Amino acid sequence: MRVGSVRLMLARRRVVGLALALALLAQAGCAFVDVPMTPRPTATPASPCGALTAHTSAPAQSIAARLSPGAAPLVYGVNLALYDTHDDVVNDPHIQGILHDAGVPIIRMPFRATLSDEYVTQAMRVIREIGAAPLLIIHGPTDPDMLADDFHLLTLAISVFHNGPVYVEFSNEPELAGVSAEQYAAAWNSVIPCLKSIAPTYQFVGPVNSFYNPDYVMTFERLAHPRPDVISWHEYACANSDSDDACMRYLSHWSSHIADMRQRLAAAGVAPTPVMVTEWNLDDRPDPRYQNAAFIKAWTAAALATLSASRSDGLIAATQYCVTNNPNFGLLTASGAETPAGEAFFTALRTARAGTS
């Protein structure tokens, strides 16, 4: 018999056998039971971090927050210069002791691309040992690898600070690099959901404008998903060509900017967002008045009083630029001596701590 005929005969026998079995089941009164198939496992939702994997997760413990009696309000914060590996705060235990004993409540720190992981980790450990809350500046829209780079930087931060309190600023003065509010918001939306997933207790801050730019902030607020935990911008009072009186008078604009932002948010029908002024000083360029002891002491004291008074309008922190390594802006010299601006700053800080104890 040919192979094709054998296959046809076997197939017919299977059909007849199946029909006979069904008939016997029907006679026995057996009902067919529709047994559901085991459901296929549903696909895991895509991670906001893509293929990136955190090697360090935030453990349960946290560093101590400086919110106990005797702690200064966060408006008495400072910036690290961190221009290179010769930073006086990072390298000098004496200066670290000055900042610790003064009770500096918050320190802002950049992640400069020229610095190694080891050095920025050392800088973060110094902030932790000083007892200050960290305000970390991560990369933003001008970095083509911002997601991977920021993911890496945040894992370094988690290894030092665990689950907080930590503030994270996305970029620095993006509009000076030509980044629009829409572009900034799009970059924020592509990076911050991932970072929040690995550091859910951290506070994310933007848009870090170089001056008060309400249209930029409100566009960002409207487009940002998630919304920022804190809004930030920078304030400098005047230029070299302005008079001393103009530099003093301009401080009132700092107050009006913060109040104006609160009113704009309310008018837009959104919940108020806290504000940080994450850089401030007299002039963002070298100015001979930084060396005029009488003027810069009076101006610095007035600036701190202005910022402190704005806490009632939603200002939660301010960080002076910068504490060391700058002959114009510095509060401390390389030896740890107070500059004229430093005298005014640390006097106001000690007074503020005494008032909260």
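Observations
- Qualifying residue in the stretch 176-198 (condition: surrounded by fewer than 24 Cβ atoms within 10 Å (Cβ to Cβ), at pLDDT 95 or above, within 24 Å of ASN79 (Cβ to Cβ) and of a type in the set (D, E, K, R)): no
- Those residues of the stretch 173-198 which are over 16 Å from PRO214 (Cβ atoms) and touching a Pro at 6+ places or on another chain (Cβ under 7 Å), in sequence order: VAL179, GLN183, ALA187, ILE192, PRO193, CYS194, LYS196, SER197
- Some residue of the stretch 318-335 being within 29 Å of the chain's Cα centre (by Cα), modelled with pLDDT of 95 or more and part of a helix (DSSP H, G or I): no
- Hey, ARG285 touching a residue at least 12 places away in the same chain (Cβ under 8 Å), under 17 Å from SER232 (Cα atoms) and open to solvent by 40 Å² or more (accessible area, probe 1.4 Å) or not: no
Yes or no, residue by residue, for (1) within 18 Å of VAL275 (Cα to Cα); (2) aliphatic (A, V, I, L, M); (3) in contact (Cβ under 8 Å) with a residue 60 or more places away in the chain:
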| residue | (1), (2), (3) |
| --- | --- |
| HIS162 | no, no, yes |
| VAL166 | yes, yes, no |
| GLU173 | yes, no, yes |
| GLN183 | no, no, no |
| ILE192 | no, yes, no |
| PRO214 | yes, no, no |
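- The stretch 317-337, subset of a type outside the set (Gly, Ala, Ser) and surrounded by fewer than 17 Cβ atoms within 10 Å (Cβ to Cβ), residue nearest to ILE296 (Cα to Cα): PRO327
- Test set (1) in contact with a helix residue (DSSP H, G or I) (Cβ under 9 Å, 6 or more places away or on another chain); (2) under 19 Å from ARG112 (Cβ atoms); (3) of a type in the set (Asp, Glu); (4) open to solvent by 30 Å² or more (accessible area, probe 1.4 Å) - ASP143 fails condition number: (4)
- Here SER252 passes the criteria (1) exposed (fewer than 13 other Cβ atoms within 10 Å of the Cβ); (2) in contact with a helix residue (DSSP H, G or I) (Cβ under 7 Å, 6 or more places away or on another chain); (3) within 23 Å of ASP313 (Cβ to Cβ) except the one numbered (2).
The values are calculated or read from the model by the stated rules, or taken from the named source; none is laboratory data. In this text, all values refer to a predicted model and were calculated from it rather than measured experimentally. All Cβ positions, glycine included, derive from the backbone under ideal geometry; neighbour counts span all protein chains shown. The protein model used for the area step is the full one, side chains on, heavy atoms only, and it has no ligands, DNA or RNA in it. Shrake-Rupley method; radii C 1.70, N 1.55, O 1.52, S 1.80 Å.
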